Amino acid sequence: MLKISKLYFGLFFCCLFILTTTTLFAQATDVLMTNSRSIDKDRYKGVKRSPYLFEDWRKGKIISADAAIIEGVLLNFNGETEGFEIKKGDNFIELDPKWYIRVLLEEESGEVITFQKNFSPPLTNKFTRVVYKGKNLSIVEDFIAKIEVKVVNNVGKKEEFKRFYSKRNYFLIKDKKITLIKAKKKNLYALLGHKAELDSFIKKGKLKLSTETDLIKLFTFYEESGFE
């Protein structure tokens with residue numbers, strides 16, 4: 001009889017745990033969804049190109065301000081609104097940035113792309129993609145998309161249309177200070193010092209600092225060489 005009581009007692013607490021966890025998850029989801037807004041899927045009709053960072057929507061997870069995790073949603077970053085959107089069927093939902101601090105997106109390769117909310121100027125309350133995270137410094141990307149009016153001459157006739165143009169700005173985060181990275185040698189030497197060593201590394205590796213891959217190589221070399 002005692003064993004049966006213990007069994008039921010254990011089952012009771014197991015069910016209670018599952019119910020509590022499910023309730024907390026539902027509450028976190030409700031907060032995110034309630035404070036988000038539905039958006040018109042045709043809002044960019046007639047505008048060429050796309051405001052989104054990724055061509056395809058990525059499966060990922062949202063981490064809220066109180067550390068609750070929502071998984072298995074399709075996400076993309078909109079550079080025009082500078083926020084994340086969820087896609088469910090033909091419906092789109094714009095997340096309210098007040099209620100989440102991190103987004104993790106899954107690549108087919110298994111790599112996880114991290115977006116982190118920043119709290120210091122000039123990136124206050126912006127979500128940036130973590131490009132490089134070293135021991136003492138990080139590099140993040142700020143993706144922006146704007147609508148421009150383009151005028152072209154077509155057989156003597158002027159045609160006007162709207163299109164998106166995008167811009168990627170990279171920032172160095174070091175000692176809690178955020179600095180815009182200007183990917184030119186003289187600017188990087190002024191920012192990091194050690195001109196001779198960095199210049200030699202750039203020339204030896206034939207680095208193109210305008211590319212993200214080579215920029216990461218340079219900062220990796222900088223940290224591994226102990227130049228800080």
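Where a number appears in this text, it was derived from the coordinates with a stated rule and is not lab data. The structure displayed is predicted, hence computed values, not measured ones. Neighbour counts are summed over all protein chains in view; Cβ atoms, including those assigned to glycine, are modelled from backbone coordinates with ideal geometry.
Look at the stretch 91-113 and say how many of its residues are over 14 Å from the mean Cα position of the chain (by Cα) and buried (at least 17 other Cβ atoms within 10 Å of the Cβ). Count: 3. Going through (1) among the β-branched types (Val, Ile, Thr); (2) free of Cβ contacts under 8 Å to residues at least 24 places away in the same chain; (3) touching a Ser or Thr at 6+ places or on another chain (Cβ under 7 Å) one by one, residue 140 falls short only on (2). Against the numbered list (1) touching a Phe, Trp or Tyr at 6+ places or on another chain (Cβ under 8 Å); (2) closer than 12 Å to residue 139 by Cβ, residue 197 comes up short only at (2). Note on the stretch 50-92: residues that are out of contact with any strand residue (DSSP E or B) (no Cβ under 6 Å at 6 or more places or on another chain) and under 21 Å from residue 111 (Cβ atoms) total 3.
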